[in-house]
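Step one of this worksheet: look at the structure below.
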Amino acid sequence: MKTSDLFVKALENEGVEYIYGIPGEENLDFLDSLKDSPIKLILTRHEQAAGFMAATYGRLTGKPGVCLSTLGPGATNFVTAAAYAQLGAMPMIMLGGQKPIRKSKQGRFQIVDVVNLMKPITKYSEQIVDGNNVPAMVRESFRECMEERPGAGYLELPEDIAAEESKAEIFDVVNSRRPQADEKSLMQAAEMVKKAKMPLLLIGAGANRKRASAALTEFIDKTGIYFFNTQMGKGVVDERHERFIGTAALSSHDFLHCAIEKADLIINVGHDVIEKPPFFMERDGTKVIHVNFFGARTDEVYFPQVNVVGDISASVERLTDKVGELSQDMSYFARVKQYVTEKTTKYFEDRRFPMLPQRLVKVLRDNLGDEDIVTLDNGVYKIWFARNYLCHTNNTLLLDNALATMGAGLPSAMTAKQLYPNKKVVSVNGDGGFLMNSQELETAVRMGLDMVVIILNDSAYGMIKWKQEGQGLANWGLDFDNPDLVKYANSFGAIGHRPDSHDEFQSILKHALNTKGVHLIDLPVDYSLNHSILNVLIKESKDIS
């Protein structure tokens, strides 16, 4: 069997459904083998977008998404997507091509040592030098990238190896059971919770698993504990829950940080220091219990006193049994919840135009169902969505607070819609981030996706402007001009819209959500309150008696 055929068979054996990417001449044998496979090739317009799509597949399914590039410039375009998957704990496998390694007549043309380039930002990066190694290397790359903490992998198949014959056999897929937490650590944690005067629960991205969602909901219901979450932990437990305080969209001084400061113990489930910290630990401050698949990585702002290491859902279930109903007075947290709700919903009914991001959050929440999905690119609007958009279930607000890269919002929405065609999917992007991978509108149209893309148009890099103002610096160097985004969308076969009033936006949004095709809405945004709220108001003293 030709090695490229064996490679495709090994991918099929792993349950691969799609490969996103752009092949080159070094992948032609692989491409020829793929044409007769049930695996579908999704041809994109840029390798970075293909990587974001594959990472999102991994994030939503728990199985590695797969993307493909040729050598050199094609493979180096994967670098940002590799970091996105690795830091965001999204299982992904990148497949790269390479010139012949046994004998080549092209010298060093296009040659980059991609394998070593990828090693610092992946869990697995290897070149295949013998076709007989393919089954073992494919199995091992998938195993490593799926196991906690999930991440990215890179496999390079040189064109001469792809064409040679191989007699190797495929390995069975064997997935390991996750280890269980030590009984002593669970007992210690339970005693700390019961003895604490003001315990609080934090839910992070690592808990974003279906079983963990159920276990955490039961823990909250049985103990009566109040909880908050990180940006990437949103929706793990329904945020309409009466014990939900809010999301720590900032590391300090946000409205809910008064609760964090009052707590004497935080049970931190599924968070690690790669995601931007939701609070800063101090030597003589609040104690922390770390519950995760792996032990806490000690950091100057994070050094938990107890580690409960093992399968999160099993750990939480056992902790629930050991803690039982708590008797502590938690009325203060109830008042914080009311205070946070009042502050974060203040502008929900403001109908000014250009539109406030807070109002956009309210309009989208009113028009989307429990299971519908919003994906965010990276920009200052991400903070408003993290704080103000209540998620009813997990993976319904897809944002990145680990690498926090721009350019991922549209590709991630495309994969979400591909996987869940019956759910409404809305991609919210700044005009800066959108133009970084806007060419994928053509891919979305070609895939026949029905989705809505909202561009928050302020003709500037708004996040950096906000930071600039917060540091008292001059407003300089961050403004640009946009193309006519409606005509731009139409040129790709999408349907462009530009509302000129609040009511017209509402009408356009409802039409777009219920009409086939890729709809792009060029929405003017009003960021005038960013500084006064996010830099000034939240730092003022909070009197919650």
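The values are calculated or read from the model by the stated rules, or taken from the named source; none is laboratory data. Only a predicted model underlies this, so the values are computations on that prediction, with no experimental measurement involved. When we count neighbours, we look across all protein chains shown, and the Cβ atoms used for this are built from the backbone with ideal geometry, even at glycine.
Details
- On the stretch given as the stretch 90-115, residues that are farther than 17 Å from Glu126 by Cα and at pLDDT 95 or above total 1.
- Just one of the numbered conditions (1) over 14 Å from Ile373 (Cβ atoms); (2) among the small types (Gly, Ala, Ser); (3) surrounded by 24 or more Cβ atoms within 10 Å (Cβ to Cβ) is not true of Gly496: (3).
- Some residue of the stretch 514-524 being under 26 Å from the mean Cα position of the chain (by Cα), at pLDDT 95 or above and in a helix (DSSP H, G or I): no
- Residue match in the stretch 471-483 (condition: under 25 Å from Ile373 (Cβ atoms) and in contact (Cβ under 8 Å) with a residue 12 or more places away in the chain): no
- Condition check for Ala296 on (1) surrounded by fewer than 21 Cβ atoms within 10 Å (Cβ to Cβ); (2) of a type outside the set (Ser, Thr, Tyr); (3) modelled with pLDDT under 95; (4) assigned to a loop (DSSP other than H, G, I, E, B): one failure, at (1).
- Which listed residue, of Lys63, Lys119, is surrounded by fewer than 17 Cβ atoms within 10 Å (Cβ to Cβ) and either over 17 Å from the mean Cα position of the chain (by Cα) or more than 22 Å from Leu435 (Cα to Cα) (or both): Lys119
- Residue match in the stretch 143-150 (condition: buried (at least 19 other Cβ atoms within 10 Å of the Cβ), in contact (Cβ under 8 Å) with a residue 60 or more places away in the chain and either in contact with an Asp or Glu (Cβ under 8 Å, 6 or more places away or on another chain) or assigned to a helix (DSSP H, G or I) (or both)): yes
- Test: residue in the stretch 35-47 that is assigned to a strand (DSSP E or B) and under 24 Å from Glu140 (Cα atoms): yes
- Exactly one residue out of Thr56, Thr70 is more than 17 Å from Gly153 (Cβ to Cβ) and among the polar types (S, T, N, Q), and it is Thr70.
- Some residue of the stretch 23-44 being closer than 24 Å to Ile161 by Cβ, modelled with pLDDT of 95 or more, out of contact with any strand residue (DSSP E or B) (no Cβ under 8 Å at 6 or more places or on another chain) and among the small types (Gly, Ala, Ser): yes
- Candidates Ala75, Ala10, Ala83 - the one that is under 15 Å from the mean Cα position of the chain (by Cα), aliphatic (A, V, I, L, M), assigned by TED's automatic domain parsing to the domain that holds Gly153 and at pLDDT 95 or above: Ala83
- Selection from the stretch 50-60 of residues that are under 14 Å from the mean Cα position of the chain (by Cα) and aliphatic (A, V, I, L, M): Met53, Ala54, Ala55, Leu60
- Count of the stretch 62-107 residues, restricted to those that are β-branched (Val, Ile, Thr) and outside any helix (DSSP H, G or I), is 4.
- Helices (runs of 4 or more DSSP H) contained entirely in the stretch 341-460, each with at least 1 residues that are under 17 Å from the mean Cα position of the chain (by Cα) and crowded, with 21+ Cβ neighbours inside 10 Å: 381-388, 409-419, 431-434
- Exactly one residue out of Glu140, Glu126 is closer than 30 Å to Met406 by Cα, among the charged types (D, E, K, R) and either modelled with pLDDT under 95 or buried (at least 16 other Cβ atoms within 10 Å of the Cβ) (or both): that is Glu126.
- If you go through the stretch 349-369 and keep only what is within 19 Å of His511 (Cα to Cα) and either out of contact with any Asp or Glu (no Cβ under 8 Å at 6 or more places or on another chain) or touching a residue at least 40 places away in the same chain (Cβ under 8 Å) (or both), you end up with Met355, Arg359, Leu360, Val361, Val363, Leu364, Arg365, Asp366, Asn367, Leu368, Gly369.
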